[in-house]
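Inspection log for the structure reproduced underneath, given as structure tokens.
The values are calculated or read from the model by the stated rules, or taken from the named source; none is laboratory data. All values reported here derive from a predicted model rather than from experimental measurement. Note that we place each Cβ from the backbone using ideal geometry, even for glycine, and neighbour counts take in every protein chain shown. These accessible areas exclude ligands, DNA and RNA; they are computed on the full protein's heavy atoms, side chains included. Shrake-Rupley method; radii C 1.70, N 1.55, O 1.52, S 1.80 Å.
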Amino acid sequence: MGRAFEYRKATKLKRWGNMARVFTKLGKQITIAVKEGGPDPDTNPRLRVLMQQSKKENMPKDNVERAIKKATSKEAADYKEIVYEGYGPYGIAMVVETATDNPTRTVANVRSYFNKYGGSLGTSGSLQFLFDHQCVFKITSKESIDPEELELELIDFGVDEIEYDEEENVLLIYGEFQSYSAIQKYLEEKGYEIHSAEFEWIPNDYKEVTNEQRTAVEKLLEKFEEDEDIQNVFHNMKA
């Protein structure tokens, strides 16, 4: 298996432990997508994929429609997507993605979590050299799809790697960050069923830790998980 796939399976990039958190996260992403590209999924590619993803996650249709309606109202919260970087306990590098209507509150919280659990918040861009920023598409796997042939077809569209996830019976397609639109367009035109399309920070290397150290790092990750402003946390702790 490739580096990206190993990281996804071993460290569980996204630590959203229950359905309510998934719905909250998707609701914010839908709101942001509508504000950026409008409420019509036919002309808004990001919204189109998010609506498909919401369906896969069993998010009620009313919730989706409410998020879209909320985004078009004058009273809608103006969410900003902000990325924070820092070191957790024992030098574990972390990239924290947030969507917030109050950046002052969010940065204060993120800094306090790092400090409380033995880490430190870094400056913007200080740790990004340790990660590759990639777009990741999850599509339905079928017997008629040959991953190697599909990978060859998509190389010219910026795809780096395709892996099969046996547990979910899906193909994970990893591509360059800037190739998101081209890859999505190709998959849609060819009729592939897209489960999700996201951006992820994949570490270039992994840091070994003891069981005791892992416990300390996981306490910080759990604290991040409790904060609704935080969408995703990526790190380089080895499984």
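For Thr210, work out the one condition from (1) under 21 Å from Gln134 (Cα atoms); (2) of a type in the set (Ser, Thr, Tyr); (3) open to solvent by 40 Å² or more (accessible area, probe 1.4 Å) it doesn't fulfil.
Exception for Thr210: condition (1).
Consider Asn232 carefully, then state whether it is open to solvent by less than 70 Å² (accessible area, probe 1.4 Å), touching a Phe, Trp or Tyr at 6+ places or on another chain (Cβ under 8 Å) and either free of Cβ contacts under 8 Å to residues at least 40 places away in the same chain or not hydroxyl-bearing (Ser, Thr, Tyr) (or both).
Criteria not met by Asn232.
Of Ile183, Ile173, which residue is assigned to a strand (DSSP E or B), at pLDDT 95 or above and surrounded by 17 or more Cβ atoms within 10 Å (Cβ to Cβ)?
Ile173
How many residues does the stretch 131-162 contain that are out of contact with any Phe, Trp or Tyr (no Cβ under 9 Å at 6 or more places or on another chain) and touching a residue at least 40 places away in the same chain (Cβ under 8 Å)?
1
Can you name every residue in the stretch 15-32 that is outside any helix (DSSP H, G or I) and either exposed (fewer than 15 other Cβ atoms within 10 Å of the Cβ) or polar (S, T, N, Q) (or both)?
Across the stretch 15-32, the qualifying residues are Gly17, Asn18.
All but one of (1) in a strand (DSSP E or B); (2) β-branched (Val, Ile, Thr); (3) more than 28 Å from Ala33 (Cα to Cα) hold for Ile202, so report the exception by its number.
(3)
Within the set of pairs 6+ apart or on separate chains, which have a first residue in the stretch 55-70 that is at positive phi, a second that is loosely packed, with under 14 Cβ neighbours inside 10 Å, and C-beta atoms under 9 Å apart?
Listed pairs, sorted by first residue: Asn58/Met19.
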